[in-house]
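Asker: I have a structure I would like to understand better, so I am pasting it below and will then ask my questions one at a time.
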Amino acid sequence: MASNAARGCAAYMHFAVLAAVFAASAADAANFPACLANLRGAALAGGVDAGTFDRVTRGLTPNPDVLAMAQVQPEFKTPIWDYLAGLVDEERVNDGRAMLARWNEAFSAAENRFGVDRATIAAVWGVESNYGRSFGTRPVVQSLATLGCSGERRASYFRSEFIAALKIIQNGDIDPGQFNGSWAGAFGHTQFMPSTFLRIAVDLDGDGRKDLINSVPDALGSTAAYLHKSGWVKGGGWGFEVKLPPHYSGPSGRGRKEPLAAWAARGLTRIDGSPLGSGPNGGLLLPAGPNGPAFLVTRNFDAIYSYNAAESYALAISVLSDRLRGRHGIVAAWPTNDPGLSRADRREMQTLLMRRGYDLDGKADGVIGAKTQKAISDFQTKSGLHPDGRASVSVLAALRKG
């Protein structure tokens, strides 16, 4: 358990970082008009007409909340078992199966055109926006202008994305009034960045527009197109769970792909103990080390990884796609005695916290934000638990007892 002094020091450091962010935000706001004027020249040189730029940016102001999200480090690091518990739960599996049935024609068209199987496309949709329920609410143009006109280390990247967003509006693909997304500017059912949209988006429904916000077929087709361009091998899988021999200390890493025979020679088997058999080369992924679940992953896993460069993300997509195919999820246990919670359990936890008087804005939405983390940490301290702010089985069990 952290000491009061340690927690106080951490709180002070967090406050200091926030103070620095908002001080920088004030300076950025003062320089914002001049930055927009510079961006106007770059946008016009890049193919945006003056009328579009002036109309879209009229009255535009920076959003300091976006800078805070970009620059302040999270207080709580999410273990992979928590991450997957919320992304690959029964609710998302059932919703995905319903969407596969509802949009069968669009999935078939995307699958046939790009060679990416429907379960993988649906899994990306489910993880990125919960099948269209969570697009993000921040105006894309404002977010990208804010980040591009800041001291953020990737400011030049966001300036180019800002110009790409203006081109999308100019082309008439997205209604400016609906052009909302994440703090970083990703938008639509499968959360494309503007430049990715311009390069890869497709008009799968044939209405003459590429619309990832209002057209599910366009979003599914564009996602399939992205994975295809990222090296997806038609008819191949992402990989599978394996069992390591006792005290395994051999090579690992997604990038070190070898023939299955080489892995078999080191004593690896499929998770049920059967031989690895034949198939494409694989790399050994150990997301929680050799004492947790292990996977042999293929080039298709790498294609998923390219969508959002995090192995935990790619694994969530992969496992969810297996569940949507009717297969089992991860078999081996994670190396923890306090697993994470599904979204249904997280909502129950939030409801019980609010009954105890914690301020969560009246929301039991399953999203573990700063207020929920703070409430969990306080409850843990009062209950004699380690105050790490995690939404875990131990917290829910303690709340239920009350």
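The values are calculated or read from the model by the stated rules, or taken from the named source; none is laboratory data. Bear in mind that the values here come from a model prediction, so they are computed numbers and not experimental data. All Cβ positions, even for glycine, are placed from backbone atoms using ideal geometry, and neighbour counts span all protein chains on display.
Asker: Limited to the range 106-121, what total is found for residues that are in a helix (DSSP H, G or I) and either within 24 Å of Phe187 (Cβ to Cβ) or touching a residue at least 24 places away in the same chain (Cβ under 8 Å) (or both)?
Answerer: Within the range 106-121, residues that are in a helix (DSSP H, G or I) and either within 24 Å of Phe187 (Cβ to Cβ) or touching a residue at least 24 places away in the same chain (Cβ under 8 Å) (or both) number 11.
Asker: A follow-up question, please. Quick one: how many residues across the range 267-306 are under 24 Å from Ala333 (Cβ atoms), among the charged types (D, E, K, R) and either touching a strand residue (DSSP E or B) at 6+ places or on another chain (Cβ under 7 Å) or surrounded by 15 or more Cβ atoms within 10 Å (Cβ to Cβ) (or both)?
Answerer: The qualifying residues number 1.
Asker: If Trp81 meets every condition in (1) in contact with a Gly (Cβ under 6 Å, 6 or more places away or on another chain); (2) modelled with pLDDT of 70 or more; (3) not in a helix (DSSP H, G or I) apart from one, which number is that one?
Answerer: (3)
Asker: Still on this structure, please answer the following. Being more than 16 Å from the chain's Cα centre (by Cα), closer than 20 Å to Leu204 by Cβ and not acidic (Asp, Glu), is that true of even one residue in the range 117-127?
Answerer: Yes, the range 117-127 has at least one match.
Asker: Among the listed residues Phe107, Phe192, which satisfies the condition of being farther than 28 Å from Val66 by Cβ and out of contact with any strand residue (DSSP E or B) (no Cβ under 8 Å at 6 or more places or on another chain)?
Answerer: Values: Phe192 fails: farther than 28 Å from Val66 by Cβ.
Every option except Phe107 fails the conditions.
Asker: If you don't mind, another one. With respect to Ser143, is the statement that it is in a loop (DSSP other than H, G, I, E, B), assigned by TED's automatic domain parsing to the domain that holds Asn63 and buried (at least 21 other Cβ atoms within 10 Å of the Cβ) true? Step through it out loud before you land on a result.
Answerer: Numbers: in a loop (DSSP other than H, G, I, E, B): no; assigned by TED's automatic domain parsing to the domain that holds Asn63: yes; buried (at least 21 other Cβ atoms within 10 Å of the Cβ): yes.
When the stated conditions are applied, Ser143 does not pass them.
Asker: Can you tell me which residues in the range 333-350 are touching a Leu at 6+ places or on another chain (Cβ under 9 Å) and not in a helix (DSSP H, G or I)?
Answerer: Answer for the range 333-350, where residues must be touching a Leu at 6+ places or on another chain (Cβ under 9 Å) and not in a helix (DSSP H, G or I): Trp334, Gly340, Leu341.
Asker: Which one of these is out of contact with any Cys (no Cβ under 6 Å at 6 or more places or on another chain) and at pLDDT below 90: Ala11, Ala109?
Answerer: The match here is Ala11.
Asker: Can I ask one more? What residue, of Val124, Val93, is among the β-branched types (Val, Ile, Thr), in a helix (DSSP H, G or I) and crowded, with 21+ Cβ neighbours inside 10 Å?
Answerer: On the way: Val93 fails: crowded, with 21+ Cβ neighbours inside 10 Å.
None of the other options fit; the residue is Val124.
Asker: Can you name the residue in the range 307-338 that is under 15 Å from the mean Cα position of the chain (by Cα) and small (Gly, Ala, Ser) and, of all such residues, is surrounded by the fewest Cβ atoms within 10 Å (Cβ to Cβ)?
Answerer: So in the range 307-338, the residues under 15 Å from the mean Cα position of the chain (by Cα) come out as 307-320.
Then keep just the ones that are small (Gly, Ala, Ser); that gives 309-310, 312, 314, 316, 318.
Details: Ala309: 8, Ala310: 11, Ser312: 16, Ala314: 25, Ala316: 24, Ser318: 25.
Selected residue: Ala309.
Asker: Asp322 is checked against (1) assigned to a loop (DSSP other than H, G, I, E, B); (2) under 18 Å from Arg118 (Cα atoms) and fails just one. What number does that condition carry?
Answerer: (1)
Asker: Separate question: I need the full set of residues from the range 127-140 which are part of a helix (DSSP H, G or I) and either in contact with a helix residue (DSSP H, G or I) (Cβ under 6 Å, 6 or more places away or on another chain) or farther than 17 Å from Tyr307 by Cβ (or both), in order please. Let's see the steps before the verdict.
Answerer: The initial filter retains those residues of the range 127-140 that are part of a helix (DSSP H, G or I), namely 127-129, 140.
Scanning the range 127-140 gives Val127, Val140.
Asker: Further question: Spot the failing condition for Asp175; the list is (1) more than 24 Å from Leu341 (Cβ to Cβ); (2) surrounded by 22 or more Cβ atoms within 10 Å (Cβ to Cβ), and only one is missed.
Answerer: (2)
Asker: Scan the range 76-105 residue by residue and report those that are of a type in the set (Val, Ile, Thr) and in contact (Cβ under 8 Å) with a residue 60 or more places away in the chain.
Answerer: As a first pass, look at the range 76-105 and keep what is of a type in the set (Val, Ile, Thr): 78, 80, 88, 93.
Passing the criteria: Ile80, Val88, Val93.
Asker: Report every pair of residues separated by at least 6 positions or lying on different chains whose Cβ atoms are under 8 Å apart, first residue within the range 150-171 and closer than 25 Å to Asp203 by Cα and in the same structural domain as Cys35 (by TED's automatic domain parsing), second modelled with pLDDT of 95 or more and polar (S, T, N, Q).
Answerer: Ser160/Ser195; Glu161/Ser195; Ala164/Ser195; Leu166/Thr52; Ile169/Thr52; Gln170/Thr52
Asker: Quickly run through the range 360-402 and pick out the residues that are closer than 20 Å to Met69 by Cβ and part of a helix (DSSP H, G or I).
Answerer: Matches in the range 360-402: Ala370, Lys371, Thr372, Gln373, Lys374.
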